[in-house]
Amino acid sequence: MCCSLKYLIILAPLMSMTPWLKAQSFEPDIGFGIVSELRDTNGVSVADYDQDGDMDIFLVSIHKFQEGNSQTWSRLLRNNGQGGFEDVTEESKILFENETLREGWMGDRMGASWGDYDNDGFPDLFLSNDGGDELWHNEGNGQFENVTKSSGTEGCLDCYSSNGLWWDYDLDGDLDLYVSDWLKTNRLHRNEGNGIFIDMSEFSGLDDEGKTWASIPIDVNKDAFPDLYVVNDFGESRLFINQGNGKFSDLTRYYQLENLGDGMGIDVCDYNSDGNFDIYVTNIYDHLPNPFFVGSEEGIFTNRASELGIENTGWGWGARFFDADNDLDEDLYVVNGMKVINGRGDQNVFFENEDGIFNNISQSLGMNSISIGRGLEVFDCDNDGDMDVLVGNREVNLVLYKNNIIQTDVQNKNWIQIELEGTESNKNALGSIVEINLQGKRYYRHYSGANLFGQSIKPIHYGLAHHDFIDEISVTWPSGKKEYFPSVLANQVVKLIEGDTKLYSSNLALDINEASKLINIYPNPFENQITFSFSKNISSPLNFSLMNTLGQVVYHKIFQKGFSAPLDVSTANLSSGLYYYQLKRGKDTITGKLLKK
């Protein structure tokens with residue numbers, strides 16, 4: 001695994017830094033014109049469907065498929081790894097759409113949810129529709145097979161399926177499917193592990209009759225079994241607690257998660273890094289403000305949306321928490337709208353999280369467009385370490401906003417992205433909790449990929465601000481096992497595998513500058529001692545890190561001053577082979593290779 005091409009370390013210089021800016025700039029990607037004719041989009045979701053190391057996109061057109069009218073096509077876009085996307089819809093075979101679709105007020109087709117239900121390493125795709133759903137199996141060769149009928153996930157003609165959620169509710173190591181329905185009762189399909197799903201809706205108690213737009217799994221009572229929060233329109237949203245025996249109980253009021261508004265979108269975060277996850281729901285503000293349920297150690301939630309200033313986004317739809325400016329905390333973006341009349345309507349809203357205080361900076365970012373926003377996803381489309389934003393719209397084109405934080409903010413350039421692979425748990429490790437330790441301060445992420453009108457399989461992103469490396473990563477897997485991984489340098493994608501304490505690195509990025517001419521490092525190859533000789537006396541602390549080929553820090557030392565500095569590295573018990581070093585002083589960084597005898 002560690003020797004595969006996908007996870008070899010690549011040393012690359014960062015772009016030159018410009019003065020720090022208060023707010024980073026998001027710019028619409030005009031090169032995303034490959035789908036400019038697709039105006040009416042509900043779901044947008046991402047996954048690496050071809051396993052080539054970057055995020056691909058699926059877009060859901062609201063229209064019933066017409067072979068001769070490409071504006072009615074849902075589309076699979078392959079990331080070409082060079083900053084662009086290629087339309088591979090036809091070659092993927094996801095064109096022969098469900099013939100039972102009917103005209104719905106929100107459109108015929110709603111959501112796209114990625115999940116590897118057979119644990120073969122290739123993400124499969126569930127499409128939720130108004131009148132008959134679809135399950136497409138990823139064959140691993142760039143093509144998909146329609147397995148809807150054979151799997152038992154077809155829904156019904158009268159169903160108005162708004163969303164599909166992949167999750168392992170029974171913790172048996174494979175993904176089950178929960179389908180939200182706006183007209184009929186919601187459906188729980190249990191994965192039998194042989195390509196067949198069994199309807200457990202009534203038995204489980206999850207056959208909710210509300211007009212459901214979305215749902216999200218979260219372990220509210222911290223018993224290791226995933227619970228489910230169901231977001232309903234025109235009625236009460238509900239929290240269902242997993243009893244661990246295949247059945248669920250409605251305990252919405254006990255945990256104080258009541259929302260009587262027109263609930264639509266949902267996302268989970270830990271906005272104040274206290275280790276307790278929080279839940280945000282989008283409503284129609286004129287009917288009821290958006291709630292932000294802040295978690296507590298006792299498990300009871302408190303609605304703090306008004307206090308934090310994030311209760312009003314107009315007619316809310318998709319919402320995403322993400323660290324947009326790489327400053328360690330999670331910001332919030334919400335897309336909104338129902339009608340645009342004479343250029344007037346609801347604006348999309350960006351809230352910057354600054355030490356637990358949210359500020360509306362939508363206008364300064366240029367992300368306050370007036371449109372009829374629906375689906376929303378954030379992901380690193382160009383592998384540069386910051387999160388880009390994809391917005392699906394009605395009546396206007398969808399938009400891909402490129403994030404320029406890496407180029408514009410010298411204070412917050414560092415980042416880490418973490419891929420997870422379950423072995424005892426489901427392959428995608430959906431339902432995991434990731435925790436990183438930065439000099440004693442801990443930051444948490446809840447990984448489900450779930451969103452309104454879709455679900456994604458993507459790396460977990462942390463902005464690291466000025467931190468050059470993470471002291472420790474821990475993962476609580478869906479199996480209940482908690483594992484710890486060693487310190488690792490910033491600015492790379494690492495893959496963590498359940499049951500394997502190694503980190504597999506893909507794209508370590510360190511900058512190299514003229515300062516390298518001022519230093520001599522010897523001997524190389526080395527045995528038990530390394531000496532650094534500086535041509536000028538250093539008057540400020542110099543950080544030295546030695547990394548193995550997996551990107552793990554195996555030795556660290558801080559020099560205070562001097563002309564030369566011998567290091568005894570025998571205590572590190574290093575094995576023979578190749579190592580990388582990093583010397584850092586202020587903004588200056590030197591990297592290179594050393595060989596251990």
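The values are calculated or read from the model by the stated rules, or taken from the named source; none is laboratory data. No experiment lies behind these values; they were computed from the predicted model shown. Cβ coordinates were reconstructed from backbone atoms using ideal geometry, including for glycine residues, and neighbour counts include every protein chain displayed. These area figures cover heavy atoms from the full protein model, side chains too; ligands, DNA and RNA do not enter into them. Shrake-Rupley method; radii C 1.70, N 1.55, O 1.52, S 1.80 Å.
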Q | Accessible area of the chain divided out per residue, in Å², using a probe of 1.4 angstrom | A | 38 Å²
**Q.** √(5λ) per eigenvalue of the Cα gyration tensor, region 225-268, largest first, Å
**A.** 20, 11, 9
**Q.** Positive-end residue, the chain charge dipole about Cα centroid, Cβ charges, pick of Ser162, Ile433, Ala572
**A.** Ala572
Q) How big is the charge dipole of region 223-268 about its Cα centre, in debye rounded to the nearest 20, if each Lys and Arg gets +1 on its Cβ and each Asp and Glu gets -1 on its Cβ? A) 180 debye
Q. Looking at (i) 23.6; (ii) 28.6; (iii) 24.8, which value of Kirkwood radius over Cα pairs in Å comes from a calculation on the structure shown?
A. (iii)
Q) Dividing the alpha-carbon radius of gyration of region 215-343 by 2.2 N^0.38 Å (N being the number of residues), what value is obtained? A) 1.07
Q | Cα-based equivalent ellipsoid, region 372-500: semi-axes from gyration tensor eigenvalues, Å | A | 27, 21, 10
**Q.** Exposure rule at most 13 other beta-carbon atoms within 10 Å, DSSP loop chymotrypsin sites (Phe, Trp or Tyr not before Pro): the chain longest free segment
**A.** 235-597
**Q.** Cα convex hull volume per residue for region 177-250 (Å³)
**A.** 86 Å³
Q. How large is the charge dipole for region 108-187, taken about the Cα centre, if only the Cβ atoms of Lys, Arg (+1) and Asp, Glu (-1) carry charge, to the nearest 20 debye?
A. 340 debye
**Q.** Percent accessible area from carbon and sulfur atoms, the chain, protein chains only, probe 1.4 Å
**A.** 48 percent
Q. At 222 nm, what helix-only mean residue ellipticity would the chain give, in deg cm²/dmol to the nearest 500, using -39500 (n - 2.57) for each DSSP H run of four or more?
A. -500 deg cm²/dmol
Q. How large is the Kirkwood hydrodynamic radius of region 372-413, in angstrom, based on all distinct alpha carbon pairs?
A. 11.3 Å
Q: For region 161-212, run through the trypsin sites (Lys or Arg not before Pro) and keep only the ones in DSSP coil with at most 13 other Cβ atoms within 10 Å of their Cβ.
A: none
Q. What does the charge dipole of the chain about its Cα centre add up to, to the nearest 20 debye, if the Cβ of each Lys and Arg holds +1 and the Cβ of each Asp and Glu holds -1?
A. 2400 debye
(Q) Given the options Pro541, Gly68, Gly454, identify the residue whose Cα lies farthest towards the positive end of the charge dipole of the chain (+1 on Cβ of Lys, Arg; -1 on Cβ of Asp, Glu). (A) Pro541
Q.
Loop by DSSP (not H, G, I, E, B), at most 12 other beta-carbon atoms within 10 Å: where is the longest site-free stretch of the chain for GluC sites (Glu not before Pro)?
A. 396-526
Q | Principal axes of region 37-86: Cα extent on each, largest first, Å | A | 32, 18, 16
**Q.** Fraction in percent of alpha-carbon pairs per bin - 10 Å, region 430-477
**A.** 23, 49, 24, 5
